[in-house]
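The values are calculated or read from the model by the stated rules, or taken from the named source; none is laboratory data. If you're wondering where the values come from, they're calculated on a predicted model, not measured in any experiment. Glycine gets a Cβ as well: all are built from the backbone with ideal geometry, and neighbour counts include every protein chain shown.
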Amino acid sequence: MDKTVTFAVAGSGKTRSIVEQIDPSRRSLVITYTTNTEDDLRRRIANRFDGRDAAVTVDTYFSFLNSFCYKPLLQQDMQSRGISFSAPSQTSSRMPLSSKLRYMHGDRIYHCRMAKLLAVKGCYEVVRERLDRYYDDIYVDEVQDFGGHDFNFLLEIAQAHARFRLVGDFYQYTFATSHDGNVNKSLHGDYDEYRARFAKAGFKVDTTTLGASHRCGPAVCDYITKTLGIQIAAASASAARVEVVESQGDVDRLHSDQKTVKLFLEQHWLYGCHSHNWGACKGLDHYEDVCVALNPTSWALLLRGELAQAKPIIRNKLYVAFSRARGNLFLAPESLFKKHRSGT
Amino acid sequence: MPAITKVVLRNFKRFDKLDLLLKPGLNVLLGDNEAGKSSVLLAIDLALSASRSKVESLGVEALLNAAAVDRFMGSRRLVADLPKALVEIFLTEGADPSLNGRNNVDRRECDGIKMEIAVPRELQDEVKELLQDPDAPFPFEYYAPRFATFAEDSQIAFKKHVRHLLLDSSRIDSEQATRIYTQSLFSVNADAKARSRLESSYRKAKDEFRDAHLKEINEVLTDYTFGVRTSSKTNLGTDLVILEDQLPLDVRGKGRQCFVKTSFALRRGGEGTQPLHLLLLEEPENHLSHSQMRKLVERLSQAEGRQLLVATHSSMICSRLDLRKAALLGTDPAKRGALSDLSESTAKFFMKAPDNNVLQFVLSKKVILVEGDAEFILFEELYAKHAKGSTLAEDGVHVISVGGTSFKRYLELARLLGVRVAVVRDNDKHWQKNCVDNYAEFRMDNARVFADPDDARSTFEVCLYEDNKELCDQLFGTSRKSLSVLDYMLANKADVAFELLDKGATELRAPKYIQDAIAWIRQ
């Protein structure tokens, strides 16, 4: 059993660590959840091997689940046509596990129940054999995003002979691959318990290798640790600073500054500037200066020094947003962006 | 290197069900006319090409099993019961997971590609409505092909997992067949990069021609000029021809074309070429002379490193190429691969033995084996006489002259294939030894040896003479001076037989052992 899960902090080089570990003489599969990292991974792997042959397959989790596991084994039984990313209907949830109707949204298959279906159909062993037939090493990036049945599925298929290397950042959990009812609902409630799940499944849990951020400077790291209560250290010194911006003039300047990316909780496209959403920029590594626009609730918490008490999902998204900064981090209330918002 | 391990057909052409196992390397498909040899090759070609237009140009009506269509029309005509044509190509296991899955008739996890010709789900409501009309014809026009791998990956048309080529010598000189052939050989010998480089320099050359040579004409023209066409119908791919000794192949005779095309396809390419994985040959013996055919057989038998599927009618091709590689179509499915169990020495015997009728033997249900030409010439007549008015053709009995006493080779085939065989032979003066003990290992229900038990009646001619003394003396006695009638008959076996047939057919009686053989084979 050669299985490791490495918990990293933001900007510590998760993707880099995967690319560097790839052994060109072995057949590798790299699974990632976000398409951000998929493109990034492909690019970096291509750079590393620079035209030389390396048997590396990069796939997103759902493409892997659908094309490597579900379709080859169960398509003919289910006769589904495509995947439904909707939440399962109540009617389907009342169907027994053995019923086809539990898994189908019309003639599409519910994304959140594909992994469960494989379990119910007794396919785990076959999937493990398939993995071993085609791959020697399996890398999973952004492992913290596995939720619902997908988390159980991951631990099960990791019992294959192949070498497993999982990498993730517990606090960057912002959206789960899927969820279904109460399955693994409290998975991300407690970091210690979360790690214990991996240990119990036979993984060596590594929290030190990727413990320092190469992206964020000491000031940003300290600020994250202090305000969000998430431990992160900087790997090297830098002059980057953190600044809370409260005047309309400063916000306007930041808004028009093409070099500073503005990160919003949601609907960033309404603000007509170089922007993104907090959670969705996970995996992106190319921003210099970052300005995070705080929604009223978060802004109020920040002013009271209680941002660490925000709902975990909000705290985690803020962590993702704060930690995008290679350079300076600016914090501003979203309300000061209101005049730039279209439709207002 | 992928190779086909099995071909599965359902409701395809004449097959309502076929599961055909193939071996790596050479495979020979044997069968009578209409046994479906070409259908198997066509099915493989269609599925591996994954080309909708190929299917559409042939027409669904020609591909869907007619009996299944009739059954459907005679049934309650429910949309759910509409027949589907299915072709599944099972492949040896490779490194690409997108080929591998359980979506096949066996529900077995393996590599493969399939083609299904069915009414797509989104058209089923429409067809349902249509079928409510009791006079509605079968809805062929709603059928469409769908291609996928066993992993249900539908990108196969772009991936070309198996590089194959179908050579159909019956259409060898059609313009389209030649073009397809030339293009696929071109793509085998030049990879995609090289091809697009050549395409663009060809285009450039046309432009240069226009600029250099059409310039004068164009200069005096106003408003309009002449150019050289470049389009999907005229480009390098369509303009290429294959030359042999500076002559384009399509001006050669059909035989030469067949030979050259097959050998060219079998050629091993050099560096940077992508060799064919699979070559499908439809009756390569067409248009070939005996000596060309021998050369072709030699080429085929040396084609290593790829899979070959040869459909043939020719005894020579199938026996010379090793009978063990043959699959029989149009027979009991259990017997289909039976020849692979043939002993090496017998397979080699047929490879080396003079040209023979082994294919006829293999494809028959009842066979009478005789030693030589004399028996062969007379047998039809003798049969008609002693088969209570029936004939060889009516009873489906084939007579094969073995040209010697290598009966055991055929008996081995008979054992594998269940062919009912009567061996008719001379006792050669030692009935017990030659005709009984000799065949001790072949005691089986479907084969029996018939010979005269009287050691004195040692050959066919002796028996014939003794049982038809009057007739023989009359026919051959008068002009004999030095030889006795019997000696003359022994010395001129074939001529005597022919004369007996010609002049004495009505009176001629078969020796008892031959009558026994006829009675037994008819049972």
Restricting the range B:133-191 to residues that are among the β-branched types (Val, Ile, Thr) and under 28 Å from B:CYS258 (Cα atoms), the residue that is surrounded by the most Cβ atoms within 10 Å (Cβ to Cβ): B:VAL162
Residues of the range B:230-253 classified as in contact (Cβ under 8 Å) with a residue 40 or more places away in the chain, part of a loop (DSSP other than H, G, I, E, B) and farther than 24 Å from B:GLU208 by Cα, total: 1
Checking B:ASP168 against (1) away from chain A (no Cβ under 14 Å); (2) without any contact (Cβ under 8 Å) to a residue 40 or more places away in the chain; (3) of a type in the set (Asp, Glu), the condition it does not meet: (2)
The range B:63-120, subset hydrophobic (A, V, I, L, M, F, W, C) and part of a loop (DSSP other than H, G, I, E, B), residue farthest from the other protein chains (Cβ to nearest Cβ): B:LEU78
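Residue by residue, here is whether (1) modelled with pLDDT under 80; (2) assigned to a helix (DSSP H, G or I); (3) more than 14 Å from chain A (Cβ to nearest Cβ); (4) touching a Ser or Thr at 6+ places or on another chain (Cβ under 7 Å) holds:
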{"position": "B:ASP133", "(1), (2), (3), (4)": "no, no, yes, no"}
{"position": "B:SER154", "(1), (2), (3), (4)": "no, no, no, no"}
{"position": "B:PHE158", "(1), (2), (3), (4)": "yes, yes, yes, no"}
{"position": "B:ARG179", "(1), (2), (3), (4)": "no, yes, yes, yes"}
{"position": "B:GLN183", "(1), (2), (3), (4)": "no, yes, yes, no"}
{"position": "B:VAL188", "(1), (2), (3), (4)": "yes, yes, yes, yes"}
{"position": "B:SER196", "(1), (2), (3), (4)": "no, yes, yes, no"}
{"position": "B:GLU199", "(1), (2), (3), (4)": "no, yes, yes, no"}
{"position": "B:TYR202", "(1), (2), (3), (4)": "no, yes, yes, no"}
Output for the range B:446-504, where each listed residue is among the polar types (S, T, N, Q) and more than 25 Å from B:GLY403 (Cα to Cα): B:GLN474, B:THR478, B:SER479, B:SER482, B:SER484
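Let's see how each residue does on (1) crowded, with 23+ Cβ neighbours inside 10 Å; (2) of a type in the set (A, V, I, L, M); (3) closer than 17 Å to A:PHE68 by Cα:
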{"position": "A:ASP136", "(1), (2), (3)": "no, no, yes"}
{"position": "A:VAL143", "(1), (2), (3)": "yes, yes, no"}
{"position": "A:ALA160", "(1), (2), (3)": "no, yes, yes"}
{"position": "A:PHE170", "(1), (2), (3)": "no, no, no"}
{"position": "A:ALA176", "(1), (2), (3)": "no, yes, no"}
{"position": "A:LYS185", "(1), (2), (3)": "no, no, no"}
{"position": "A:HIS188", "(1), (2), (3)": "no, no, no"}
{"position": "A:TYR191", "(1), (2), (3)": "no, no, no"}
Residues satisfying the stated conditions in the range A:87-119, i.e. exposed (fewer than 13 other Cβ atoms within 10 Å of the Cβ) and either away from chain B (no Cβ under 14 Å) or within 26 Å of the chain's Cα centre (by Cα) (or both): A:GLN90, A:THR91, A:ARG94, A:PRO96, A:LEU97, A:SER98, A:SER99, A:LEU101
B:LYS512, sole failed condition from (1) surrounded by fewer than 19 Cβ atoms within 10 Å (Cβ to Cβ); (2) in contact with a Gly (Cβ under 9 Å, 6 or more places away or on another chain): (2)
A:ALA280 being in a loop (DSSP other than H, G, I, E, B) and surrounded by fewer than 20 Cβ atoms within 10 Å (Cβ to Cβ): no
Within the range A:71-86, tally of residues that are touching a strand residue (DSSP E or B) at 6+ places or on another chain (Cβ under 7 Å), within 12 Å of another protein chain (Cβ to nearest Cβ) and either surrounded by 20 or more Cβ atoms within 10 Å (Cβ to Cβ) or among the aliphatic types (A, V, I, L, M) (or both): 5
Qualifying positions in the range A:1-34 - in a strand (DSSP E or B) and of a type outside the set (Phe, Trp, Tyr): A:LYS3, A:THR4, A:VAL5, A:THR6, A:SER28, A:LEU29, A:VAL30, A:ILE31, A:THR32
Identity of the residue in the range A:19-46, out of contact with any helix residue (DSSP H, G or I) (no Cβ under 7 Å at 6 or more places or on another chain), touching a residue at least 24 places away in the same chain (Cβ under 8 Å) and farther than 19 Å from A:TYR134 by Cβ, that ends up surrounded by the most Cβ atoms within 10 Å (Cβ to Cβ): A:THR34
All positions within the range B:380-412 that are part of a helix (DSSP H, G or I) and under 29 Å from the mean Cα position of the chain (by Cα): B:GLU380, B:LEU392, B:ALA393, B:GLU394, B:ASP395, B:PHE407, B:LYS408, B:ARG409, B:TYR410, B:LEU411, B:GLU412
Residue among A:ARG108, A:ARG128 that is charged (D, E, K, R) and touching a helix residue (DSSP H, G or I) at 6+ places or on another chain (Cβ under 8 Å): A:ARG128
Answer residue from the range A:120-164, given it is within 17 Å of B:ALA95 (Cβ to Cβ) and in a helix (DSSP H, G or I) and is nearest to the other protein chains (Cβ to nearest Cβ) among those: A:TYR134
In the range A:35-70, the residues that are within 14 Å of another protein chain (Cβ to nearest Cβ), outside any helix (DSSP H, G or I) and of a type in the set (Ser, Thr, Tyr): A:THR57
Pairs, first free of Cβ contacts under 8 Å to residues at least 24 places away in the same chain in the range A:72-96, second assigned to a loop (DSSP other than H, G, I, E, B), C-beta under 7 Å, six or more apart: A:GLN75/B:ASN103; A:GLN75/B:GLU152; A:GLN76/B:ARG102; A:GLN76/B:ASN103
Hits in the range B:135-151 (condition: in a strand (DSSP E or B) and within 11 Å of chain A (Cβ to nearest Cβ)): B:ALA148, B:THR149
Members of the range B:424-447 found to be closer than 18 Å to B:PHE376 by Cα and either in contact (Cβ under 8 Å) with a residue 40 or more places away in the chain or in a helix (DSSP H, G or I) (or both), listed by number: B:VAL424, B:ARG425, B:ASP426
